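Nothing in this text is a laboratory measurement; each read-out follows from the coordinates by a stated rule. These numbers come from a predicted model, not from an experiment. Please note: Cβ atoms are built from the backbone with ideal geometry, for glycine as well, and neighbour counts cover all protein chains shown.
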Amino acid sequence: MVKLYIPLDMAAVAMGANKLAAAVAQEAAARGETIEIVRNGSRGMLWLEPLIEVETPAGRIGYGPAKVKDVASLFDAGFLSGGAHRLNIGIVDDHPWMKRQNRVTFVRCGVIDPLSVAEYEAHDGFKGLKRAFEVGPAAVVEEVTKSGLRGRGGAGFPTGIKWKTVADCPPGKKYVVVNADEGDSGTFADRMIMEGDPLSLIEGMLICGYAVGASKGYVYLRSEYPVVAKVFQAAIEKALEAGWLGANIKGSGFDFDVELRIGAGAYVCGEETSLLESLEGKRGIVRAKPPLPAHVGLFGKPTVINNVLSMATIPMIMEKGAKHYADLGVGRSRGTMPLQIAGNVKYGGLFETDFGIPLGVVVNEIAGGTRSGRPVRAVQVGGPLGAYVPVSLFDLPIDYEAFAAKDSLIGHGGLVVFDDTVDMSWMARFGMEFCAIESCGKCTPCRLGSTRGVETIDKIRSGQNVDANIDLLKDLCHTMRFGSLCALGGFAPYPVESALRHFPEDFRKSALEAAE
Amino acid sequence: MIGAAQYSDERAREIIAAHMGLEGPAMPILHALQEEFGYVPDAAVKQMAEALNISRAEMHGVVTFYHDFRRAPHGRHTLKICRAESCQSMGAERQALAFLDRLKLDWGGTTPDGALTVEPIYCLGLCAHSPSALYDGEPIGCVDAERLDEIAAEARD
């Protein structure tokens, strides 16, 4: 029997993976071939999706991007034994895109059957939790702190400090909450890990719950990810069946349950306090801090709230030790960053690498430049609240501090590439428009500032008092940045200010046109 | 939505009761109501407020905060087109506006025959396959004008 892998990943499905899997099964039956199709996560080479992998004695051989119309020719070419075909990319692990990465968080993603507890365990799964049970809660917090892991959601706050704060709260009801409201355009790492290796997130939550003394965990997932909802719910059930969730887990005396909750299309619910409000069943209105969620979180109880990637990295840190993780990366940016390469690129996908790689290398070499074939003009790093970075800054290393020094941010690690047809004053306007649509309305700079921002940029774009209105826009950005309650209003000026700074000519087009 | 059930107070009461054991049950209830009826009817909001022991104004505030919850029945099919940055880098905005123009709709509008509602969505996490869309919950990558027109035709059948 030949084992085939066809991803269940939402991006693969969007490119026809479900129909492909059905067609392959049908063709195999018609030809009398016995095969087993495993629906795995994606390897992250998204331009090759749907990617079929065939297990052979030499390794797993990939064929992609495969369409239903290619199925007959793949069988004709003997792909079940790794035969030559124009879609054959060779051994997947040897592909240059894979070879160049350092997969830590994503080490199992695309490799294993995401819903097989046995395979997860065979690939070092639950070793981190077992070690946690051996060393005890205090040592776990210590280990996570020493690893230097910083929240991968965007703010980059040290994870260990959060955990310690909750662990130090008096015993009683506490919660673990995972922020899976991955709303930033150009990001999909949370989605991929939850589809490709959901048990790693569950294990991370277990370790966290054990360390801080919580017995209940919630995952707040955005509604735009219907495939994740199905896969993750199934993973919770598998973990329960195998005794990795529930009461007295593996005889440790530790009880823990995980519940999946679905958001409802509000971007601001990716902000942690807004997310907690939403989980409680209220409007997703941002809370003023302090008190921190670590002290007064979900239902007023001490709560650890972490991003999916931070939590999914914990098992590896506990398994291999803090030092192993801390030895990767540069400066205060330790470990690896799963970069998400997106937008107008030839090779888009998930690329996990140590911190420190220059932005230009990622865009030009790894992503292969633009899909349109036109020159790159700008890269938005860190989602809708991230800055537009021009080609002149392409030597900037991927590193929290280096980006901050250039008034930019890494955020959740999404890169959206634009070619030279982009109108940066339009993108700046869109940044403000998006903030206006998604503002929770609690603070004035964000609620009103974003709408005034759209109006002011419209005036600039139509050539009215351009200089005065640009000054006004800069002033408005300043007010939003320093006067907003949370990162939505506070960071919305990043794309606007960076567009103004690096692409001023795009704001003067109408004035130039009028002069001609 | 296809197969949406006719509203009944009794069914709404059952759905609400089925979730009352959860901590913070409002969001799961709202999703379940919309799943059942295709939207969140006012009468159900009133029942929720009673069950959760909060004012109707407060309950109304929750329902209206979230983009996903509809206050009235929609088209039989729903197409959500992404207009976030990554999709814009591949020309999604122009393509979507031209499509809306062909259907003589604005964002959020429903075709006169009630077949298709077209809504904006802000990122589906399919950013390496921009432009993307979601049709009745099915993700579509690298969507072009031709595919959009096919969907509009399919919806009418």
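Counting only other chains, and only Cβ atoms inside 10 Å, what mean value do you get across the residues of A:259-267?
Counting Cβ atoms of other protein chains within 10 Å of each residue's Cβ and averaging gives 5.
Taking 8 Å as the Cα distance limit and 6 or more residues as the minimum spacing, I'd like the relative contact order of chain B as a percentage. All intermediate terms of the calculation are to be shown ahead of the outcome.
Working: 211 pairs, mean separation 31.1, N = 157.
Taking the mean separation of contacting Cα pairs over the length of chain B, I get 20 percent.
Which of the residue pairs A:Lys146/A:Lys174; A:Lys130/A:Lys323; A:Lys301/B:Lys46 have a Cα-Cα distance greater than 26 Å in the structure shown?
Cα-Cα > 26 Å for A:Lys301/B:Lys46; rest within.
So what is the relative contact order for chain A, in percent, with contacts set as C-alpha pairs under 8 Å and at least six apart?
Relative contact order for chain A comes out at 14 percent.
Give me A:Ile161, A:Ile35 sorted ascending by neighbouring Cβ count inside 10 Å, so fewest comes first.
Fewest to most other Cβ atoms nearby, the residues stand as A:Ile161, A:Ile35.
In peptide B:61-68, what is the residue-averaged number of other protein chain Cβ atoms found within 10 Å of each Cβ? Provide the component values of the computation, followed by the final result.
Numbers: counts 3, 7, 2, 1, 13, 9, 8, 8.
Going residue by residue through B:61-68 and averaging, the value is 6.
Normalising by the residue count of region A:424-515, find the relative contact order in percent from Cα pairs under 8 Å and 6+ residues apart.
This gives 37 percent for region A:424-515.
Please order A:His95, B:His129, A:His85 by the number of other Cβ within 10 Å, starting at the fewest.
Going from least to most buried by this count: A:His95, A:His85, B:His129.
Need the list of lysines near B:Lys104 for cross-linking: C-alpha distance under 26 angstrom, and skip anything on the same chain fewer than eight residues off.
B:Lys80
Restricting to DSSP loop positions (anything but H, G, I, E, B) with no more than 16 other Cβ atoms inside 10 Å of their own Cβ, which trypsin sites (Lys or Arg not before Pro) remain in region A:161-234?
A:Lys173
Computed over the Cα atoms of region B:70-157, what is the convex hull's projected area averaged over all directions, in nm²?
5.2 nm²
Summing +1 for each Lys or Arg and -1 for each Asp or Glu, what net charge is found among the other residues whose Cβ lies under 13 Å from the Cβ of B:Asp149? Present the calculation step by step, with values, prior to reporting the outcome.
On the way: positive: B:Arg102, B:Arg147, B:Arg156; negative: B:Asp101, B:Asp144, B:Glu146, B:Glu150, B:Glu154.
That works out to -2.
How crowded by other chains is B:20-31, given as the mean number of beta carbons from other chains within 10 Å of each beta carbon?
Partner Cβ neighbours, averaged per residue: 5.
Count charges around A:Gly148 for me, please; just the other residues with Cβ under 15 Å from its Cβ, Lys/Arg as +1, Asp/Glu as -1.
Neighbourhood net charge equals +3.
For chain A, give me the percentage of DSSP beta bridges that are antiparallel, rounded to the nearest 5 percent.
55 percent
Straight distance only, please: which aspartates and glutamates reach the Cα of A:Lys250 with their own Cα at less than 17 Å, same-chain residues fewer than 8 apart left out?
Once the sequence-local aspartates and glutamates are set aside, what remains near A:Lys250 is A:Glu121, A:Asp124, A:Glu134, A:Glu203, A:Glu237, A:Glu241.
Can you give the Rg and Dmax of region A:41-159 based on its C-alpha atoms, in angstrom?
Calculated on Cα positions, Rg and Dmax stand at 19.1, 59 Å.
Helix-only mean residue ellipticity at 222 nm, chain A, DSSP H runs n ≥ 4 weighted -39,500 (n - 2.57), per residue, nearest 500. What is it?
Using -39500 (n - 2.57) per qualifying helix, the result is -12000 deg cm²/dmol.
Which FRET efficiency value, to the nearest 0.05, do you get for A:Ser215 and A:Asp113 by plugging their Cβ-Cβ distance into 1/(1 + (r/R0)^6) with R0 = 22 Å? Intermediate values should be presented prior to the final figure.
Numbers: r = 29 Å, r/R0 = 1.30.
Taking R0 as 22 Å, the efficiency between A:Ser215 and A:Asp113 is 0.15.
Can you give the Rg/Rh ratio of region B:9-65, where Rg is from the C-alpha atoms and Rh is the Kirkwood radius?
0.90
Quote the Stokes-Einstein diffusion coefficient, in whole µm² s⁻¹, for chain A, based on the Kirkwood radius over alpha carbon pairs, a temperature of 4 °C and a viscosity of 1.567 mPa s.
Result for D is 54 µm²/s.
Leaving out same-chain residues fewer than 8 places away, which lysines sit with a Cα under 25 Å from that of A:Lys3?
The reachable lysines, counting only those whose Cα sits under 25 Å from A:Lys3, are A:Lys19, A:Lys67, A:Lys69, A:Lys99, A:Lys230, A:Lys238.
For a distance above 16 Å, tell me the whole-number percent of Cα pairs in region A:310-378 that qualify.
That tail contains 54 percent of the Cα-Cα pairs.
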